[in-house]
1. Nothing charged except the Cβ atoms of Lys and Arg (+1) and of Asp and Glu (-1): what's the magnitude of the dipole of the chain about its Cα centre? Round to the nearest 20 debye.
2. Give me C69, C138 ranked fewest to most by other Cβ atoms within 10 Å of their Cβ, as a rough exposure proxy.
3. Tell me the mean residue ellipticity at 222 nm calculated for the chain from its helices only (DSSP H runs of n ≥ 4, each -39500 (n - 2.57), averaged over every residue, nearest 500).
4. If you find the alpha carbon centre of the range 18-49 and of the range 220-245, how far apart are they in angstrom?
5. Summing +1 for each Lys or Arg and -1 for each Asp or Glu, what net charge is found among the other residues whose Cβ lies under 12 Å from the Cβ of A3?
6. Mean separation of Cα pairs under 8 Å and 6+ residues apart, divided by the residue count of the range 257-325: what relative contact order is that in percent?
7. Let me check I've understood the local charge: for T281, count other residues with C-beta under 12 angstrom from its C-beta, Lys and Arg +1, Asp and Glu -1. What total comes out?
8. State the answer as a single residue: which of W109, T70, H211 lies farthest towards the positive end of the charge dipole of the range 44-298, with beta carbon charges of +1 for Lys and Arg and -1 for Asp and Glu, about the Cα centre.
Amino acid sequence: MDAVKTFDVHKVRADFPILKREVHGKPLVYLDNAASAQKPKVVIDTIRRVYEHEYSNVHRAAHELSAVCTENFERARRTVQKFLNAPEDREVIFVRGTTEAINLVAQTWGRANIKRDDEIVITAMEHHSNIVPWQMLCEATGAKLRVAPMDDTGTLIYDEYVKLLNPRTKLVAAVHISNALGTINPIKRMAEDAHKAGAIMLVDGAQAAPHMGIDVQDLGVDFYAFSGHKAFGPSGIGALWGRAELLEAMPPWHGGGEMIKSVKFEGSTYAEIPHKFEAGTPNIADTIALGATIDYLHEVGLEGIAAWEHVLLEYATRKLSQIDGLRIIGTSELKAGVIAFVLDDIHAADAGMILDEQGIAVRVGQHCAEPVCDYFKLPATIRASLAFYNTREDIDALVTGINKVKELFA
């Protein structure tokens, strides 16, 4: 509670220029943070500063601009390392986002290590980005994809997960926080059991990294991925952390400049990690801005962020539960700030459009988690997802908006 008492949401909101705008003549109520979060001014200013004052390609040039840009680029890598409590900065690979990170592992570690009749275990609540790459790998290798089930609250049925683990299991790939349900998975325990079976553990941390402290050493996982745009940073940048011994043994997946040690027509040798996986000119300005994003989150305070979002989640759950005809989808005891719901006899898309007319931004659809909707026998849900710049007044506006939707369909 001390973290909540010292958290100043109105001071935080002042850091986000877009929150001052109106939509359809109404103050913006932004509740679509699980899709993509808004950006503080320091991030916007960092991108501008890079392009206005220090932009150059990184790593190879001998001139001052390149030296400055390279130092700031690599500082961002060290910032991500500390953010995840990774052992070494060379274990941090910059990618476009979580999707690319998972595909990188599937196409490098996966193709080198997964063979016919091997098994990959995922959960029933995965985002498509942690389903499709493994399906593609299984199709290419003859391996089998196994799915650990969840119950009607959207909670992993842990005993069933453990039953799937066997000597053929080579990889467990699981979401840390479900984007469709808000469920927080017991990643540390899952990793321990995966390792007992001889498998490695990859975590989709896209929803977790912006909202809770991440310690990959304590979690005991082997790969961890997150995206900048969901963590209040730029789009098109993210990071994959992997254990050094795994990364060193993995082949590169893109060929070109930067990722090589030597190129001859007879053959090429590859650079050391992380550069082996970062072919070509990187996303320089956005990478540097990702470092600024993480610095900002630390300045606000990760403990305060998590505590305030938990207060909002409890408030929103209580308020929405009081609306007749509204059913929350995903009621696990351990949840983050995602509330998906449906309204009796009202399609999610219709509700979303009416809420938008009132300045309220929510997500409607299957949230790139179609099997979750299939499990609950729903064509779509309405999803309100919270961030530390949201307020109780935002929740009240959502409740008022939902009642307006109901009136129009009465």
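Readers should treat all values here as calculations from the given coordinates under stated rules, not as data from a laboratory. Computed from a predicted structure; not experimentally measured. Every residue, glycine as well, gets a Cβ built from its backbone with ideal geometry; the counts of neighbours run over all protein chains shown.
1. Values: 43 positive and 55 negative charges, 67 e Å.
Dipole size: approximately 320 debye.
2. Values: C69 22, C138 19.
Fewest-to-most ranking of C69, C138: C138, C69.
3. On the way: 15 runs with 155 residues, N = 410.
Rounded to the nearest 500, the figure is -11000 deg cm²/dmol.
4. Value for the Cα centre distance between the two parts: 22 Å.
5. Details: positive: K5; negative: D2, D8, E303, E309.
Residues close to A3 contribute a combined charge of -3.
6. Working: 32 pairs, mean separation 14.3, N = 69.
It comes to 21 percent, rounded to a whole number.
7. Working: positive: R60; negative: E258, E278.
Net charge around T281: -1.
8. W109
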